[in-house]
Amino acid sequence: MLVSELARYAGKAPENLKDCEITGFCNDSRILKEGQAFVAIRTDQADGNDYLSMAKEKGASAFIASSCPNGSSNDYANLFLIKNPIRFLGDAAGALLSERVETRVAVTGSAGKTTTKELIALLLGLSGETLASKGNYNNTIGLPMTVLEQLDHPVMFFVTEMGMSYPGEIQRLVEIVRPDMRVWLNVLTAHIGNFSGIEGLRDAKAEILGNREADDIVIYNHDDLLVKSRVEAEVGLKYSFGVTMGADFRIVSAKMMNLESSLLDVEYEGRMYRLHHHLAGLHHSYNVAAAVLTALVAGVKMDEAQRVLLDFRPVHHRGRLIQAGSVSIYDDCYNSNPDAVKQVLSMFHEVNLPGRKVVVLGDMLELGQVSAARHREIGVFITGLRFDETVFYGDQMKSAFENCMAKCSWFEDTKSAANHVAETATAGDTILVKASRGMHGEDVIDKLREKFK
């Protein structure tokens with residue numbers, strides 16, 4: 001994207017225009033690469049405007065800032081001096097999406113967004129060129145930046161996920177994307193510490209339904225009563241997925257073959273179909289159902305969806321089986337909340353494996369005042385399951401450890417837990433690792449890989 005193109009999409013000309021290519025966008029001057037535009041964001045921790053000169057030294061192609069504290073604005077070529085850089089990015093991304101994308105698809109929910117987004121993109125690719133937003137760039141900063149970086153030509157579909165940490169965030173994302181198809185997966189207790197309760201969390205997720213046109217489509221979870229009650233009060237085109245009777249795309253049975261293969265029998269429009277996929281657990285069956293239903297509504301044929309579904313593999317850190325020599329690791333350490341932990345523990349409990357089953361759980365963050373109680377629940381829950389060992393780590397998981405009657409241990413930090421797991425692991429073990437992002441469960445995996453390489 002040229003600087004002049006960004007100016008056109010944002011509706012704002014820069015000072016000292018020297019047109020050149022923008023190779024990407026970055027809001028951290030420490031990692032900015034030459035050719036990227038620097039986005040100066042003011043937070044409670046730092047004011048990005050203070051780092052304009054550092055970004056210039058690193059070769060930034062443009063600057064999006066709300067002030068110019070280090071010198072005169074004449075010192076910077078391609079300086080967009082505006083009141084709100086985040087809104088500037090969103091406005092530009094929205095204009096670009098409107099011009100270059102025929103059908104825009106948005107996915108929200110407390111869990112499963114990235115996996116479902118990638119599945120939908122894979123399936124919609126059968127009908128026309130499709131792009132998916134990069135990684136989990138799903139907030140009011142990351143989503144616009146990835147749109148502006150990726151969308152360099154017209155496409156038929158663009159699929160993005162919408163995350164949420166506070167009320168109003170999804171509302172703004174909807175304003176930017178203006179999705180033609182909206183997929184609502186679930187309402188779980190992720191980020192509940194930022195809300196008054198589960199209803200407040202539901203209402204924030206329900207912002208995905210806002211600003212709908214008459215022909216916009218909603219795909220929703222028929223089994224999640226918080227989702228169902230909110231969506232069914234809406235008018236317009238709606239299609240549901242789930243186990244319960246009345247779902248348009250009904251999961252009749254879900255059978256896990258192993259940690260890399262599952263069979264899903266579904267009923268759709270009066271016919272039965274079997275879907276073979278490479279995701280484990282009932283929670284992933286919902287993600288598959290949501291993605292396939294979205295593709296079918298968009299015009300993809302069922303036989304084509306069945307075939308292409310087999311090409312999909314789990315996204316990094318989201319239910320992926322990896323090998324570390326003679327040890328298997330179920331890597332689900334991208335993020336964590338009580339409902340998601342119970343789902344993956346139930347799956348791991350049910351699967352038949354030849355060696356020991358070891359569970360490693362780190363703190364579930366952003367639970368607020370209910371954190372201690374929800375961590376205690378996990379300890380009690382594990383007591384009724386069959387694992388050879390459970391390793392808890394982090395301040396909050398001490399509550400789980402103290403309420404777990406199964407064989408378990410607790411460590412204060414990630415490093416201690418990683419050392420213990422690596423020291424006690426034996427050939428043939430399968431080790432499940434799950435924790436909130438800030439608990440760095442990947443360090444446990446890296447330690448195992450180092451030992452068993």
message = Given the criterion under 29 Å from Thr130 (Cα atoms), modelled with pLDDT of 95 or more and part of a strand (DSSP E or B), identify the matching residue among Phe88, Phe38.
response = Phe38
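Can you tell me which residue among Gly128, Gly142 is over 21 Å from Gly168 (Cβ atoms) and either among the small types (Gly, Ala, Ser) or modelled with pLDDT of 95 or more (or both)?
Numbers: Gly142 fails: over 21 Å from Gly168 (Cβ atoms).
The match here is Gly128.
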key: Neighbours by Cβ (under 9 Å, 6+ apart or cross-chain): first from the stretch 311-335, within 13 Å of Ala427 (Cβ to Cβ); second surrounded by 19 or more Cβ atoms within 10 Å (Cβ to Cβ) and among the charged types (D, E, K, R)   = Ser326/Asp429; Val327/Asp429; Ser328/Asp429
query = Which members of the stretch 53-78 meet the condition of being under 16 Å from Lys18 (Cβ atoms) and surrounded by 22 or more Cβ atoms within 10 Å (Cβ to Cβ)?
reply = Ala55, Ala60, Ser61, Ala62, Phe63, Ile64, Tyr76, Asn78
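One line per residue, one yes/no per condition, for (1) surrounded by 15 or more Cβ atoms within 10 Å (Cβ to Cβ); (2) touching a Lys or Arg at 6+ places or on another chain (Cβ under 8 Å); (3) modelled with pLDDT of 95 or more; (4) not in a helix (DSSP H, G or I):
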site	(1), (2), (3), (4)
Leu296	yes, no, yes, no
Asp303	no, no, yes, no
Arg307	no, no, yes, no
Pro314	yes, yes, no, yes
Cys333	yes, yes, no, yes
Gln343	yes, no, no, no
task = Using the structure shown, decide if Val39 is in contact with a helix residue (DSSP H, G or I) (Cβ under 7 Å, 6 or more places away or on another chain), surrounded by 15 or more Cβ atoms within 10 Å (Cβ to Cβ), in contact (Cβ under 8 Å) with a residue 40 or more places away in the chain and not assigned by TED's automatic domain parsing to the domain that holds Val155.
result = yes
inquiry  = Pairs please, first residue from the stretch 426-452 and at negative phi and touching a residue at least 40 places away in the same chain (Cβ under 8 Å), second anywhere and among the polar types (S, T, N, Q) and in a strand (DSSP E or B), Cβ atoms under 6 Å, 6+ apart in sequence or on different chains.
reply    = Thr430/Ser328
request  = Give the stretch 55-84 a look and list any residue that's within 25 Å of Leu143 (Cβ to Cβ) and outside any loop (DSSP other than H, G, I, E, B), or say none.
outcome  = Ala55, Ala62, Phe63, Ile64, Ala65, Leu79, Phe80, Leu81
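Can you pull out every residue in the stretch 247-271 that is over 17 Å from Val297 (Cβ atoms) and part of a loop (DSSP other than H, G, I, E, B)?
Just the residues of the stretch 247-271 that are over 17 Å from Val297 (Cβ atoms), to begin with: 252-265.
Selection gives Leu259, Glu260.
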query = Regarding Gly236, is this residue loosely packed, with under 13 Cβ neighbours inside 10 Å and assigned by TED's automatic domain parsing to the domain that holds Val297?
reply = no
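The values are calculated or read from the model by the stated rules, or taken from the named source; none is laboratory data. Bear in mind the structure is a predicted one, so any value in this text is a computation, not a measurement. Don't worry about glycine lacking a Cβ; one is built from the backbone with ideal geometry, like all the others, and counts go over all protein chains shown.
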